[in-house]
1. In nm, to one decimal, how far is the M235 label point from the T328 one, both placed 7 Å along Cα→Cβ?
2. Quote the FRET efficiency, to the nearest 0.05, computed for V357 versus L385 with a Förster distance R0 of 25 Å and r equal to the Cβ-Cβ distance.
3. Expressed as a rounded percentage, what relative contact order does segment 1-124 have, with Cα pairs under 8 Å and six or more residues apart?
4. For E401, E467, E32, what's the largest-to-smallest order of accessible area, 1.4 Å probe?
5. Could you tell me the accessible area of W96 in Å² (1.4 Å probe, neighbours in place), rounded to the nearest ten?
6. State the extension gain, in nm to one decimal, for the chain segment bounded by M566 and D33, taking 0.36 nm per residue of separation less the distance between their alpha-carbons.
7. Can you bin segment 426-570 into rounded, prolate or oblate? Criterion: square roots of the alpha carbon gyration tensor eigenvalues sorted a ≥ b ≥ c, rounded for a/c under 1.5, prolate for a/b above b/c, oblate for the rest.
8. Taking H as built 1.01 Å from N, whose amide H comes closer than 5 Å to the amide H of A14, not counting residues under 5 places away?
Amino acid sequence: MENSDYIVELLKEAGLVTEEQLDAAWQKVSEEDGQLDVIDALIKLELLDEQALTQLLAEQYGLEAFDLSQYYIPDEMIDVIPHDFIKQNHVVPIKWDDETLVVAVCDPANLEAIDSLSYSLKRDIQVVLASKSQVENAIKSRFSSLADSVDSFLTGVNTDGIEQMEHVNAAEDGGDPDDDNDAPIIRLASMIIIEAFKLRASDIHLEPMEKRYRIRYRIDGVLREVEAPPKYLQMNLTSRFKIMAKMDITEKRIPLDGRIQVKMGGKDIDLRVSSIPTTHGESIVMRILDKASIQLDIPKLGFYQDDQQKINRIINYPDGIFLVTGPTGSGKTTSLYAFLNTINKPTRKIITVEDPVEYMLAGINQVQVNPAAKMTFAAALKAMLRQAPNIIMVGEIRDLETAEIAIQASLTGHLVFSTLHTNDAPSAITRLIDMGVQPFMVASSVRAAMAQRLVRRVCKNCAEPVEATEREIRSLGLDDNFLASATLMQGRGCSVCGGSGYKGRCGIYEIFLLSENIQELIFRKSEAAVIREAARKSGMRTLREDALRKAANGTTTLAEVVSTTMGDKE
């Protein structure tokens with residue numbers, strides 16, 4: 001500040017600094033060859049609280065002390081004052097008050113700049129006082145060029161891989177990666193994808209809020225918010241990702257879908273992109289599909305030996321339907337791919353119909369649903385039967401027509417895999433009946449159903465023994481035998497797991513085999529609760545029971561069991 005000597009005297013009178021502190025500050029000024037003034041040196045050495053200085057100066061000059069860090073500068077303020085003037089004079093326009101322009105400054109003695117601004121704008125100027133760091137941060141985030149804004153945001157971020165990826169993306173777009181207008185946004189978009197990949201995220205959520213642009217990564221099934229770029233880069237980023245996904249950037253009124261293919265760390269990565277218009281702009285979600293990370297071995301999915309034996313028996317049936325149920329994101333497709341990969345032999349013809357085809361499986365014919373071309377699940381399934389397959393996978397049974405064709409296929413010698421959205425395995429039976437399928441058809445065709453969920457694995461790097469809490473014991477109904485034999489673990493949080501205590505996920509399963517007794521109940525149109533009770537008596541292990549087995553050996557935690565199986569009352 002130009003009036004540093006005057007401010008030093010004010011600080012001494014107010015008792016905010018001592019002579020010893022001033023000596024240390026002057027020493028710092030000397031070391032920096034005059035690049036700092038004494039006030040900046042005091043703040044840098046943490047000998048002076050910047051907010052206390054701002055409050056003192058505000059009182060001395062009769063100004064309002066303004067917390068700029070908690071204030072979002074409206075978009076209409078961006079071009080009120082030339083950006084060169086803002087940067088040179090540290091004057092930030094923040095709002096209109098009637099006909100008066102309110103500006104924030106960090107140097108209250110810079111009257112010449114205020115007078116010049118008032119004269120050029122032909123407006124009255126009202127001055128409020130903010131700290132120097134707040135003013136500088138506001139200038140960087142709201143009044144810098146696009147390139148400056150992106151470079152500022154990327155400062156301190158590990159940008160390994162960005163250069164390679166941005167050149168690949170620009171080449172695919174037919175653009176120049178060094179173009180001054182495009183390069184910063186290409187760089188930022190690349191960073192968002194690369195950072196998500198490094199953190200093992202399954203999804204990237206870019207969500208426009210009223211006053212900010214939120215970015216969240218879904219890691220091990222849990223959304224985690226990360227540092228986001230300034231709000232005014234929202235449209236640039238949205239357009240960039242839509243271009244990469246080959247979506248129509250001029251269409252902002254309807255939902256759109258696309259796909260991005262990139263190469264990172266020698267791996268081919270697909271991103272399934274979805275955009276939807278919201279109140280404050282287009283919300284984009286990108287699902288990361290890492291072909292190399294998909295588990296195609298049944299043991300790696302989290303099945304115990306006894307459950308593996310059941311699965312192996314089911315997937316080697318000559319015919320019938322095997323249904324996998326669970327909510328979106330519970331790993332149903334991964335399980336089906338693992339089953340198909342296990343039974344994929346040169347002597348068998350396997351065809352799948354999916355929406356969309358997430359991973360390409362060698363040796364398997366995969367069909368993409370395309371409603372616009374009248375290629376629905378039902379239409380594709382009819383055509384597939386003329387291809388003389390041994391095994392069929394239907395991505396999802398959504399309607400009566402698809403269900404009836406799948407059942408007819410199973411009754412004519414085909415093994416059919418498919419998915420349904422139900423809370424437990426026995427409910428898959430009543431769901432088909434509710435669709436309109438005759439009970440005798442269901443009883444004759446369905447061989448088994450499996451419900452599944454995903455629970456987070458305890459991080460092996462920071463795992464440590466833990467005792468069950470009273471709440472967990474009460475919620476899960478744990479007895480003394482379980483507590484005595486269990487080896488309960490939890491992660492304390494480390495750099496490997498990002499402080500969460502978890503790394504990766506595994507499945508918990510409820511495998512329901514149809515016995516003659518249960519077939520009889522289906523014939524009689526028994527309710528789901530009755531069928532479930534009969535399944536339990538025949539040895540079906542519930543989701544909660546399977547989860548507790550995995551908590552007992554330290555694979556997951558009791559907290560995960562509670563949250564994931566909250567609907568399982570048994």
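The values are calculated or read from the model by the stated rules, or taken from the named source; none is laboratory data. Quick caveat, the model's predicted, so the values are computed rather than measured. Positions of Cβ are generated from backbone atoms using ideal geometry, with glycine treated the same way; all protein chains shown enter the neighbour counts. Quick note on the areas: whole protein, heavy atoms, side chains included, nothing else; ligands and nucleic acids left out. Shrake-Rupley method; radii C 1.70, N 1.55, O 1.52, S 1.80 Å.
1. 2.9
2. Between V357 and L385 the formula returns 0.85.
3. Here the relative contact order equals 17 percent.
4. The ordering from most to least exposed comes out as E467, E401, E32.
5. Accessible area of W96: about 100 Å².
6. Going from the current span to full extension adds 185.5 nm.
7. Since a/c reaches 1.5 and a/b is larger than b/c, the shape of segment 426-570 is classed as prolate.
8. Correct list: empty.
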